[in-house]
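The values are calculated or read from the model by the stated rules, or taken from the named source; none is laboratory data. Quick caveat, the model's predicted, so the values are computed rather than measured. Note: ideal-geometry Cβ built from the backbone for every residue, glycine included; neighbour counts use all protein chains shown. For accessibility, only protein heavy atoms count, side chains too; no ligands or nucleic acids. Shrake-Rupley method; radii C 1.70, N 1.55, O 1.52, S 1.80 Å.
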Amino acid sequence: MPSLKDLRNRIGSVKATQKITKAMQMVAAAKLRRAQMAAEQARPYAERMERVLANLAASAATTGHLPALLDGGGRDAIHLLVVCTGERGLCGAFNASIARLARDSAFSLQAEGKTVKLLCVGKKGYDILRRQFGRQIIEAIELRSVRSIGFPEADAIGRKIVALHAAMEFDVCTVFYAQFKSVIAQIPTAQQIIPLALPEQGGEGTLKPAYEYERDEEEILSALLPRNISIQIMRALLENAASEQGARMSAMDNASRNAGEMIRKQTLQYNRSRQAMITKELIEIISGAEAL
Amino acid sequence: MPAFPFELVAPEKLVYSGEVESVIVPGTEGEFAVLKDHAPVISSLKPGIMVIEESSQAKLRLYVRGGFAEAAPSGLTILADQVLPLDEVDAAKLGAEIEIFEEELERAGTDEARRIATEKRDQLLELKAALKM
């Protein structure tokens, strides 16, 4: 049976923890608004890019020659998994669920006899995956010092991936990140970026405009494709940033609520034992007086 | 002049979206103006000045650091790498832009990359001279 002082101390520490989790929740809420806006503003570019690329690829396909970034060169023996996670913990299952999705697909690829390489963006994912895939991780990129993720960071990662692809280090590249649906729902997603999976064009009846190219088609395509990869990476990072804050917000909300529940229970116990003690003392005094 | 839909997007956000009368685009092969019902064309952009004419009175001048333009029957879409309003561009900013490509030139591993970076740097130097900065 804990003493009254123990109980008092414990209630005090739970209250302090609750204050911290409440503060973290509010910080996450403020950051979430910004991150969500950034993610939404980045969508138009990615969408337009996809449309232009689809048009280009369709007309390039008729001429026959496709760059390796578009059709993957027909090989799929080596897979590169780019796992984007957060830099910090205390955000519920956010990091763990992305890492789990990446791990599951790595295992199923290995079971098919493919070689798997990993590239971790964000410290937490690296920490989780390091144990199982130690030597298969070719690089771990930390973005801790970056205050707000923008195109330059994404472009640096994109260029790295394109350079690795050019050096034949891998054939297929998939990005793992959490898509931001809402504050309570973040969906871990795997998106293949090399070779590019383009949406199917509408039925055969649709008339395609015959584009003219300033600089020939191939040159434009070869400039556009690496750019598209950087853009997709950026989209993943921005979605991730919003998801992370959302996950942290709901995790901290839960934590504050649990702390409240704990305080309630322990206060009850504290009051009970205090009353029990008073009763005990009274009984002692009364029975002492009766004995006289 | 009849208006047509125009969209200018940068990686971070949608910069401009609306009906315009004409847009002068700094294409790699030379500047060209796009009016309503322009023939479908896809062009890469050089670093340069873009002029958006909403009406004969309202003109918008922007600096773009390259990217792509797509003129389709549905309108003109420009995917720019970086967009700055022209009055925010000064000698120092332009100098920084030139430096970006000079760094790229140093990093460039292939002849092709080197050629592209040199070309872009020269285009910027030209622009700087044209703006008399």
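Within the range B:56-83, the set of residues being under 10 Å from the mean Cα position of the chain (by Cα) and without any contact (Cβ under 8 Å) to a residue 24 or more places away in the chain comprises B:G67 only.
Total residues in the range A:48-76 satisfying the condition of being open to solvent by 50 Å² or more (accessible area, probe 1.4 Å) and modelled with pLDDT of 75 or more: the figure is 4.
So, B:R121, is that one outside the structural domain of B:G48 (by TED's automatic domain parsing) and exposed (fewer than 13 other Cβ atoms within 10 Å of the Cβ) or not? Answer is no for this residue.
If the condition is being closer than 23 Å to A:K265 by Cα and either touching a Pro at 6+ places or on another chain (Cβ under 9 Å) or outside any helix (DSSP H, G or I) (or both), then the range A:10-43 contributes only A:R10. Looking at A:L282, A:L221, just one residue is open to solvent by less than 50 Å² (accessible area, probe 1.4 Å) and part of a helix (DSSP H, G or I), and that residue is A:L221.
Among the residues of the range A:224-264, those that are open to solvent by 40 Å² or more (accessible area, probe 1.4 Å) and farther than 27 Å from A:I98 by Cα comprise A:E261, A:M262, A:R264. For the range A:118-155, the set of residues classified as among the charged types (D, E, K, R) and within 14 Å of chain B (Cβ to nearest Cβ) consists of A:E153, A:D155, listed by residue number. Residue selection: A:L80 satisfies the criterion of being touching a His at 6+ places or on another chain (Cβ under 9 Å), open to solvent by less than 10 Å² (accessible area, probe 1.4 Å) and not hydroxyl-bearing (S, T, Y). Which residues, counting only those in the range A:228-269, are in contact (Cβ under 8 Å) with a residue 12 or more places away in the chain and among the charged types (D, E, K, R)? Within the range A:228-269, A:R235, A:E239, A:E244, A:R248, A:D253 qualify.
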